[in-house]
Amino acid sequence: MKTIGISFLDITHPHVWTRADIFRDMEGVTLRSVWEPKDGKGAKTFADRYGVTIADSAEAVLKDRKVDAVVVESFTQNMADLTIKALEAGKAVLLEKPAANSPENMKRIVEASRRSTSLLQIGYMMRQGSMVDFARTVLKRRILGRVTAARFHVSVPAPDAVTPWFNLKDDIGGVLFEDGCHMLDIILHLMGRPRRVSAFVPKYKDLGRRHGHMFEDAAVVNLDWGTCVGTMTMIGWEANEWIETWEMDFYGADGTLQVGLLPASSRLYLREDKAGYRKGWTNHQETQFNVSWLDTTAKHVWHAVQNRTFFAREAAQFVQAVRGRRRTAGVTASDALQTMEVIQAAYQSSASGRFVDL
């Protein structure tokens, strides 16, 4: 079995520590190097933690023949340039979500991916959850019958709306863009591209005066598929643990499905026996929060994700694709562009007070 060499181009996003932990522990994978474009303090901590070398430049990483793949964990404004360079150098790329800071830069990545023979996988790891698979199966098999409405919730725990990743001046938005993108990726994965979007994306004056953050505090996004409508609420100041209240509900003529992403749970209601499920409610509790989502005591980053539920499957999928020399695996650049275009439409709708056609 060929050993896969993986290096890291920037380590700004807190997801990098969980991904590095997982890759370090995988059989047949070697962590080789890290590059950081700032003062190098983070790179020193990273190198000490994982036993890798510190590269002088991104180009030095990309010239290393023993590097088969790179993980791009930069701020969003740098993602397009780094990813395009890596693809042109023939490296496989695992790119942090939302994958760019604007649809224009995301389109550059899509075009580069089309030109390249290298693998590009976008790090929307939430899509890898078991309950997403279950919801997809239920919808695909039409177990709920004719579905006419859906409801989704996603949130950020207070006071994380003020942290750097939600306040990047070159981004198209804040918590809706940087974290709501996870749920919208799942929504489009399950239900396809909506035909139009309307939204209300407010920034509240009292919170703005108190915290001085740049972007929105909450959002309501309405999605119209022509045969079904959906609503997603996004809260930037929630009390609960991260991910704990992220939910999806689907309403059909024959049944109802309620899903929690983490802890993984579902409630399926059917009017009559169908597809191996009995009439009435079927409840499923797959996981509990035996490992919290965040390690808020971590010294190496402002937040470190310690729950590996979604990341482990993503990493295995990525390494298998690199080893098999496949061009696509998991979430594609085109998927990420579609998600970003829906988010941009939400901001445009909120500003204009009108529906935005896609």
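The values are calculated or read from the model by the stated rules, or taken from the named source; none is laboratory data. Everything numeric in this text was worked out from a predicted model, so none of it was measured. No Cβ is skipped: glycine too gets one built from the backbone with ideal geometry, and neighbour counts run over all protein chains shown.
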Based on what the data block shows, is L358 over 25 Å from A135 (Cα atoms), of a type outside the set (D, E) and surrounded by fewer than 19 Cβ atoms within 10 Å (Cβ to Cβ)? no
Return the pair list, or none, for Cβ contacts closer than 6 Å from residues in region 21-32 that are in the same structural domain as V71 (by TED's automatic domain parsing) and among the polar types (S, T, N, Q) to residues that are surrounded by 15 or more Cβ atoms within 10 Å (Cβ to Cβ) and in a strand (DSSP E or B), at least 6 apart or on different chains. T30/G5
I need the full set of residues from region 280-300 which are surrounded by 11 or more Cβ atoms within 10 Å (Cβ to Cβ) and modelled with pLDDT of 85 or more, in order please. G280, W281, T282, H284, Q285, E286
So N222 passes all but one of these: (1) assigned to a loop (DSSP other than H, G, I, E, B); (2) assigned by TED's automatic domain parsing to the domain that holds I187. Which condition number does it fail? (1)
Being under 21 Å from the mean Cα position of the chain (by Cα), under 30 Å from K169 (Cβ atoms) and assigned to a loop (DSSP other than H, G, I, E, B) narrows A112, A86, A100 down to just A100
Flag for M106 being farther than 23 Å from G324 by Cβ and touching a strand residue (DSSP E or B) at 6+ places or on another chain (Cβ under 7 Å): no
Could you grab the pairs with beta carbons closer than 6 Å, sequence gap of 6+ or different chains, first residue in region 103-118 and assigned by TED's automatic domain parsing to the domain that holds V71, second one assigned to a helix (DSSP H, G or I) and of a type in the set (V, I, T)? I109/T83; A112/I84
Return yes or no: is D10 assigned by TED's automatic domain parsing to the domain that holds A321, surrounded by fewer than 16 Cβ atoms within 10 Å (Cβ to Cβ) and either within 22 Å of the chain's Cα centre (by Cα) or more than 23 Å from K97 (Cα to Cα) (or both)? no
